[in-house]
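The values are calculated or read from the model by the stated rules, or taken from the named source; none is laboratory data. Everything numeric in this text was worked out from a predicted model, so none of it was measured. Don't worry about glycine lacking a Cβ; one is built from the backbone with ideal geometry, like all the others, and counts go over all protein chains shown.
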Amino acid sequence: MPNSINIESLIRENIRKLTPYRSARDDFDKGLLLDANENSLGSPIRNSLDLHRYPTPTHDGLRNKIAKWRHVDYENIFLGVGSDEPIDLLIRIFCEPGKDSIIITPPTYGMYKVAAHINNVAIKEVLLDELFQLRPQEILNSADVTTKILYLCSPNNPTANSLKLADMVKLAASFPGIVVVDEAYIDFAKQESMAPLVQQYPNLVVLQTFSKSFGLAGIRLGIAISSPEIIRVMLQVKAPYNINKLTADTAAKAFENLPLVKFNIEKIIEEREYLADQLRQIPQVKKVYPSDANFLLFKINDAQNIYHKLADKGVIVRYRGNEPRCENCLRLTIGMPDENVRFLKTLKSLIT
Ligand SMILES: Cc1ncc(COP(=O)(O)O)c(C=O)c1O
């Protein structure tokens, strides 16, 4: 059953009343262009991108490519400066500072909390259970009239597992606000993306990124996939030229080499399984959590000490032992095959 929620009524009043900025390129992009105070003499860099001109505000060509790839329509796609931009933008659109709240489900990605703090929006925490799965009824119970957004992350960072699809669908159908599912790691997962479900659930926003499976963290390109109603407001509130020409051009080129993207995903999954298997054979490693991502979470005796000792040897992992239910846990990004071997060798040298 689709959620019968009225999206318009969730939007902050000042945003509902907003007259969006109209940029020069919204009106004309051909002709003798003397309208945008660009440098008509050109940039010092010679390439075909006309870098002295502002980019298109909406990047329709790239949005179309992404829409086809994710089996949704062009008007379901918003492009952001990483997925960190839509995480913040959604709070700015739906949450009144000093009044409204969001729900997060720790242990999870830290930016939802930071974005809420920056916007002076309250945070309600509903912990994942011992298997790092959602507690849907507790989430619904903790929502009140001030609660505008629920942030879920699947596969979840730092726990690496996918959340149960049935729980997320149930929440999309019944949560009295916007349900964001951050799928930064979805291409490493066995579970299907929720992206096509935005056609059914108007309050669902799926976040994806070029930073992980595409290996393009440096270009800062994130995607929000949602109902046309929500995407339209996001386009109105974003900075006029948020995605630059170099980023859009690089992303378009990446689509010309999808077989390599797929190959790298498979290689990372293969290395992940090898590393998990090797870690399980180390007696001091108490648990290696199942992973649907490009990293592993594992529990090891004296994790903080091991973390520092690894760093002293130039092997850098992330200590996650301060997160709820993650006592003595380290998070390990899957590296190149030789890097993974070096990691294992160094770890073993420290504990035996
Ligand atoms: C769950 C999750 N979402 C979003 C991001 C940030 O992605 P982006 O590089 O697109 O801003 C990360 C980065 O580690 C992440 O773990």
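In table form, for the structure just shown:
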| read-out | value |
| --- | --- |
| Unmet criterion (only one of (1) of a type in the set (A, V, I, L, M, F, W, C); (2) touching a residue at least 24 places away in the same chain (Cβ under 8 Å); (3) assigned by TED's automatic domain parsing to the domain that holds R92) for A239 | (2) |
| Every residue from segment 314-337 that is of a type in the set (A, V, I, L, M) and in contact with a Lys or Arg (Cβ under 6 Å, 6 or more places away or on another chain) | I334 |
| Matching residues in segment 1-25 - criterion: being exposed (fewer than 12 other Cβ atoms within 10 Å of the Cβ) and in contact with a helix residue (DSSP H, G or I) (Cβ under 6 Å, 6 or more places away or on another chain) | M1 |
| Filtered residue count, segment 210-235, keeping only those that are in a helix (DSSP H, G or I), more than 10 Å from the ligand (Cβ to nearest atom), of a type outside the set (D, E, K, R) and surrounded by fewer than 20 Cβ atoms within 10 Å (Cβ to Cβ) | 2 |
| Single unsatisfied condition, G82 versus (1) touching a Gly at 6+ places or on another chain (Cβ under 6 Å); (2) modelled with pLDDT under 95 | (2) |
| Residues of segment 1-34 classified as part of a loop (DSSP other than H, G, I, E, B), within 30 Å of A166 (Cβ to Cβ) and in contact (Cβ under 8 Å) with a residue 60 or more places away in the chain, total | 5 |
| Criterion: in contact (Cβ under 8 Å) with a residue 12 or more places away in the chain and surrounded by fewer than 17 Cβ atoms within 10 Å (Cβ to Cβ) - qualifying residue of R318, R331, R280 | R318 |
| Pair list, Cβ < 7 Å and 6+ apart or interchain, from segment 79-105 residues that are in the same structural domain as Q208 (by TED's automatic domain parsing) and in a strand (DSSP E or B) to residues that are within 12 Å of the ligand (Cβ to nearest atom) and of a type in the set (V, I, T) | L79/I223 |
| Residue count, segment 240-267 (criterion: within 19 Å of the chain's Cα centre (by Cα) and aliphatic (A, V, I, L, M)) | 6 |
| Residues of segment 68-78 satisfying the condition of being of a type outside the set (D, E, K, R) and not in a loop (DSSP other than H, G, I, E, B) | W69, Y74, N76, I77, F78 |
| Counted residues, segment 205-236 - those being touching a residue at least 40 places away in the same chain (Cβ under 8 Å) and within 15 Å of V72 (Cα to Cα) | 12 |
| Members of segment 92-122 that are of a type in the set (A, V, I, L, M, F, W, C) and closer than 25 Å to A160 by Cα | I102, I103, I104, M111, V114, A115, A116 |
| Candidate set: segment 143-177, residues that are β-branched (V, I, T) and in a loop (DSSP other than H, G, I, E, B); chosen: the one surrounded by the fewest Cβ atoms within 10 Å (Cβ to Cβ) | V145 |
| Any chance D187 is under 23 Å from E273 (Cα atoms) and not in a loop (DSSP other than H, G, I, E, B) | yes |
| Any helices (runs of 4 or more DSSP H) falling wholly within segment 242-352 and containing at least 2 residues that are farther than 30 Å from G61 by Cα and not assigned by TED's automatic domain parsing to the domain that holds L127 | 258-280, 303-312, 337-351 |
